Amino acid sequence: MIIKRHHVVIVEDDPLLNRVLAINFEQKNYQVSAFIRGSTVIEFIQNSKNHKFGPVDLIICDISLSDISGYELMNQLKDNSSIGKIMISMYGSEQNRIKAFHCGTDDFVTKPINPEELYLRSQALMRRIKPVEYGNRSISVLDMLLDMETMQLSKGSESVLLSKLEQQLLIHLIAYQGKVVSKAKLQQLLGNSEHAEGRSLDMLVVRLRKKMLNISELGKVIVTVRGEGFLLITS
């Protein structure tokens, strides 16, 4: 399988470290967009589908930037589950790490940076959020396994066949596991399908939940949060 060249955005106001990281990722076959300042990054990411490198897959951002806080930047990207987010900082206290994770960061690396370690952490993150690109055809859902090629959800010898829309819904809920996803966000993620609007979305969730319950008592983990959306509880 050919793995596409992922597009990484590096936001680091130390010019030397910025260049070192950029060169390292370029040598690892990444497409790199490097920024010294963070104020223009959000707009760049929003318009990156038109960029020659394509949409952004990963952002690596320092906490302390000269214009805006790395926390603020990450917080603005918090709801975008298609982008991996790594925070870097010389201040690796527990308080800073917890704050970073609350802002939606997927990983936290303390300076001084080992470029090879940062690359390996990035690869691990890419495999987790973009499993199909790495040939990982299955995703674990508690005690169940979702085969993304056959669209079968199974536990041991028991299995159920999901529709394409049910599978997409489950994958998006997994990506946001532990967080409430609004109906509007799910409709957007599902491509604004007429089968995912209003009550149709509610019924789609009901059907998925029922199929999960057919093979596992843990199938009731999809929770409806009244007035907000849906939540996948995985612990």
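Where a number appears in this text, it was derived from the coordinates with a stated rule and is not lab data. Only a predicted model underlies this, so the values are computations on that prediction, with no experimental measurement involved. No Cβ is skipped: glycine too gets one built from the backbone with ideal geometry, and neighbour counts run over all protein chains shown.
Would you compute, from DSSP H runs of 4+ residues alone, the mean residue ellipticity of the chain at 222 nm, taking -39500 (n - 2.57) per run and dividing by the full residue count, rounded to the nearest 500?
-11000 deg cm²/dmol
How large is the translational diffusion coefficient of segment 137-232 in µm² per second when you combine the Kirkwood radius over alpha carbon pairs with Stokes-Einstein at 20 °C and 1.002 mPa s?
161 µm²/s
Under the Karplus relation 6.51 cos²θ - 1.76 cosθ + 1.60, θ = phi - 60°, what is the ordered set of whole-Hz ³J(HN,Hα) values for segment 113-130, x standing for Gly and Pro?
3J(HN,Hα) across segment 113-130, in whole Hz: 7, 8, x, 5, 5, 4, 4, 5, 5, 5, 4, 4, 5, 5, 5, 6, 8, 10.
So how many Lys-Lys pairs in segment 137-232 land under 16 Å Cα to Cα, not counting same-chain pairs under 8 apart?
8
List the relative contact order of the chain as a percent without decimals, with contacts defined as Cα pairs under 8 Å and 6+ residues apart.
Over the chain, the number comes to 13 percent.
Stokes-Einstein at 10 °C, 1.306 mPa s, Kirkwood radius from Cα pairs: D for segment 7-133 in µm² s⁻¹?
Reported coefficient: 110 µm²/s.
Angle check, please: helix 15-27 long axis (alpha carbons) against the longest principal axis of the chain (alpha carbons), in degrees 0 to 90, nearest 10.
Orientation of helix 15-27: about 50 degrees from the principal axis.
Would you give the gap between the C-alpha center of segment 33-83 and the C-alpha center of segment 104-178, rounded to a whole Å?
So the two Cα centres are separated by 22 Å.
Using θ = phi - 60° and the Karplus form 6.51 cos²θ - 1.76 cosθ + 1.60, what ³J(HN,Hα) does each residue of segment 212-221 get, whole Hz, x for Gly and Pro?
Per residue, the Karplus-derived 3J(HN,Hα) values read 5, 5, 5, 10, 8, 5, 7, x, 7, 6 Hz.
What number, in percent, do you get for the relative contact order of segment 24-119 if the mean sequence gap of Cα pairs under 8 Å and at least 6 apart is divided by its residue count?
24 percent
Classify segment 94-182: rounded, prolate or oblate, from the alpha-carbon gyration tensor (a ≥ b ≥ c, eigenvalue square roots; a/c under 1.5 rounded; otherwise prolate if a/b is larger than b/c)?
Prolate, because a/c is 1.5 or more and a/b exceeds b/c.
With +1 on the Cβ of every Lys and Arg and -1 on the Cβ of every Asp and Glu, and nothing else charged, how large is the dipole of the chain about its Cα centre, in debye rounded to the nearest 20?
About 560 debye.
Could you give the length gained on full extension between residue 49 and residue 36, defined as 0.36 nm per residue of separation minus the Cα-Cα distance, in nm?
Taking 0.36 nm per residue and subtracting the Cα distance, the gain is 2.5 nm.
Test of understanding: ordering 180, 221 by Cβ neighbours within 10 Å, fewest first, what list do you get?
Least crowded to most crowded, the residues run 180, 221.
Suppose every Lys and Arg Cβ carries +1 and every Asp and Glu Cβ carries -1, with no other charges. What dipole size does segment 7-133 come out with about its Cα centre, to the nearest 20 debye?
That gives segment 7-133 a dipole magnitude of about 300 debye.
Using only alpha carbons, build the gyration tensor for the chain and give me the equivalent ellipsoid semi-axes, biggest first, whole Å.
Over the Cα atoms of the chain, the semi-axes work out to 35, 19, 17 Å.
Along the positive direction of the dipole of segment 137-232 (beta-carbon charges: Lys, Arg +1; Asp, Glu -1; about the Cα centre), which of 171, 204, 156 reaches farthest?
Farthest towards the positive pole: 204.
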